[in-house]
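The values are calculated or read from the model by the stated rules, or taken from the named source; none is laboratory data. Keep in mind it's a predicted model, so treat the numbers as computed, not measured. Note that we place each Cβ from the backbone using ideal geometry, even for glycine, and neighbour counts take in every protein chain shown. Areas reflect the complete protein model, heavy atoms only, side chains present, ligands, DNA and RNA absent. Shrake-Rupley method; radii C 1.70, N 1.55, O 1.52, S 1.80 Å.
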Amino acid sequence: QVQLVESGGGLVQPGGSLRLSCAASTSIFSLHAMGWYRQALGKQRELVAAITSGGETNYADSVKGRFTISRDNAKKTVYLQMNSLKPEDTAVYYCNSRYGTLSSWGQGTQVTVSS
């Protein structure tokens with residue numbers, strides 16, 4: 001099991017920015033596909049953005065053009081830069097790693113967008 005530790009969540013006004021970080025414990029981080037998911041109150045967890053081991057990315061339609069996922073293999077960390085935040089982005093954000101059949105989750109970090 002890979003340990004994932006998220007950070008960077010908080011309260012931000014609409015239109016503001018936040019950067020989430022997720023640090024992984026695995027020594028083969030570069031081989032893992034990484035993703036950010038979110039779960040709003042009363043809703044199902046959904047994929048926000050993902051990045052493969054090769055650096056290919058994909059995004060949910062609702063965040064395209066506003067969010068950017070990136071990874072630093074040397075630091076074993078994946079990031080989610082979130083710009084132009086909206087109240088509907090409010091959720092607990094979870095980091096996920098996948099390698100073969102192994103899938104691991106972080107504990108989540110709360111993002112609240114409110115004036």
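Observations on the model:
- One residue stands out in region 26-53 among those that are small (Gly, Ala, Ser) and at pLDDT 95 or above: the one that is nearest to Asn83 (Cα to Cα), namely Ala49.
- Answer residue from region 13-34, given it is in contact with a strand residue (DSSP E or B) (Cβ under 6 Å, 6 or more places away or on another chain) and within 14 Å of Gln3 (Cα to Cα) and is most open to solvent (accessible area, probe 1.4 Å) among those: Ala23
- Residues being farther than 15 Å from Val113 by Cβ, more than 15 Å from the chain's Cα centre (by Cα) and assigned to a loop (DSSP other than H, G, I, E, B) are represented in region 62-72 by at least one member.
- Per the listing Lys86, Lys75, the residue uniquely over 23 Å from Leu31 (Cβ atoms) and open to solvent by 70 Å² or more (accessible area, probe 1.4 Å) is Lys86.
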